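Undergrad: Attaching a single structure in structure tokens format; questions to follow.
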Amino acid sequence: MIDRKDVVTIRIPFPNISSDLAVRSHMYICHHTKQRLKKFVKCQSLKPYMLANKTIKHFIDEVPNLKRNPFSKPTRIDCDKEFYTTNLRYPLSLRTTTRPDVCDNLIQMVELKLGCDGCDSNALNEQEMLQLNSCVSRI
């Protein structure tokens, strides 16, 4: 079962089951675990339009560095919103392979950014999560 700081590759039904986040797998950092609750933030490849458009207010840009993260490209961690589930089990096989987690410093930075002016917290449809991610199971 995954833990805080782990980076997983999953599909998320947000805002719906046919959105880009659901159709393609993306990396997410598990920034919080407590009993059955798992909270995630999205990681995406840094694209040129992101530098000009300020659509994400709170974020962290990371360069690839196996001492800090598993990313293979410059990556933006979106700290404007988080996603959570309460009754799902995420196996270790979903963790990234080059490095399974982020370093302590990076997870602390994520948590600090998430606490700035509050982030948008989104409960995920757990039935749809099960449909999209065959390795995920109900607790």
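Undergrad: Looking at the range 105-139, which of its residues are touching a strand residue (DSSP E or B) at 6+ places or on another chain (Cβ under 8 Å), assigned to a loop (DSSP other than H, G, I, E, B) and over 18 Å from LEU21 (Cβ atoms)?
TA: ILE139
Undergrad: Can you tell which of ASP104, ASP61, ASP3 is closer than 21 Å to ALA123 by Cβ and surrounded by fewer than 15 Cβ atoms within 10 Å (Cβ to Cβ)?
TA: Sole residue among the options that is closer than 21 Å to ALA123 by Cβ and surrounded by fewer than 15 Cβ atoms within 10 Å (Cβ to Cβ): ASP3.
Undergrad: Look through the range 19-58, keep the residues that are in contact with a Lys or Arg (Cβ under 9 Å, 6 or more places away or on another chain) and hydroxyl-bearing (Ser, Thr, Tyr), and return whichever of them is surrounded by the most Cβ atoms within 10 Å (Cβ to Cβ).
TA: Here the residue is TYR28.
Undergrad: For the range 42-65, how many residues are within 17 Å of the chain's Cα centre (by Cα) and in a loop (DSSP other than H, G, I, E, B)?
TA: Residues in the range 42-65 being within 17 Å of the chain's Cα centre (by Cα) and in a loop (DSSP other than H, G, I, E, B): 6 in total.
Undergrad: Return the pairs, sorted by first residue and then second, in which the second residue is part of a loop (DSSP other than H, G, I, E, B) and of a type in the set (Phe, Trp, Tyr), the first residue lies in the range 18-38 and is closer than 21 Å to THR97 by Cα, the beta carbons are less than 7 Å apart, and the residues are 6+ apart or on different chains.
TA: LEU21/PHE14; LYS38/TYR90
All of the numbers you see were taken from the coordinates with simple rules; none came from a lab. Bear in mind that the values here come from a model prediction, so they are computed numbers and not experimental data. Using ideal geometry, Cβ is built from the backbone for each residue, glycine included, and neighbour counts are taken over all protein chains shown.
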